[in-house]
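Here the structure comes first, spelled out in structure tokens, and everything after it is commentary.
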Amino acid sequence: MMVLSVSMYKTNRWKNIRGRILKKHDYLCVESKRYGKTEGAEMVHHIYPLEQYPELAYEDWNLIPLTNKVHNTFHDRNNDAVIGRGLEWQEKRRKEFERFYAKLPPSD
């Protein structure tokens, strides 16, 4: 299993992917946009958390731009567990998640 640390956020690979995701969504928070609000994205969120799923770190389908305020509603900030809308996005991307793991070779 691939292990990534938060230092991956400093790599050129991450910066390029982050930029591509922001551009793809017109630099807007996808959650705010759903409710007719136009708010600039401040970060790119991993739908399936980096800490638990490092192999999904660079998968476009696992990344969405959010404001920091919205992002804070996706996690319980006491234990960083995914909650609320974060869980809804995981369900929304369940097919991509399952397809990703169906492609992996069996582990020993």
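Protection proxy ranking for 42-54, 19-31, 69-81, using the average of other Cβ atoms within 10 Å per residue and placing the highest first: 42-54, 19-31, 69-81.
Residues of the stretch 66-103 with an amide N closer than 18 Å to a point placed 7 Å from the Cα of residue 43 along the Cα-to-Cβ direction: 66-90.
Full extension of the chain segment joining residue 88 with residue 60 gains 8.3 nm, where the gain is 0.36 nm per residue of separation less the Cα-Cα distance.
Only the Cβ atoms of Lys and Arg (+1) and of Asp and Glu (-1) were treated as charged; on that basis the dipole of the chain about its Cα centre amounts to roughly 460 debye. Largest first, the extents of the alpha carbon coordinates of the stretch 63-108 on the three principal axes equal 39, 20, 15 Å. Binning the alpha carbon pair distances of the chain at 10 angstrom intervals from zero yields the distribution 14, 45, 35, 6, 1, expressed in whole percent. Taking 0.36 nm per residue of sequence separation and removing the Cα-Cα distance, the residue 72/residue 52 pair yields an extension gain of 5.4 nm. Pairs of Lys residues in the chain, spaced 8 or more positions apart or belonging to different chains, with C-alpha separations under 15 angstrom: 7 in total. Annotation: the residues 98, 55, sorted from fewest to most other C-beta atoms within 10 Å of their own C-beta, follow the order 98, 55. Taking the centroid of alpha carbons for each part, the stretch 7-35 and the stretch 64-108 are 15 Å apart.
Per-residue Karplus couplings for the stretch 25-34, computed as 6.51 cos²θ - 1.76 cosθ + 1.60 with θ equal to phi - 60°, are listed in order as 9, 6, 6, 10, 5, 5, 5, 4, 4, 4 Hz, Gly and Pro entered as x.
Every number here is computed from the coordinates shown, using simple stated rules; none is lab data. Keep in mind that this is a model prediction, so the values were computed, not measured. No Cβ is skipped: glycine too gets one built from the backbone with ideal geometry, and neighbour counts run over all protein chains shown.
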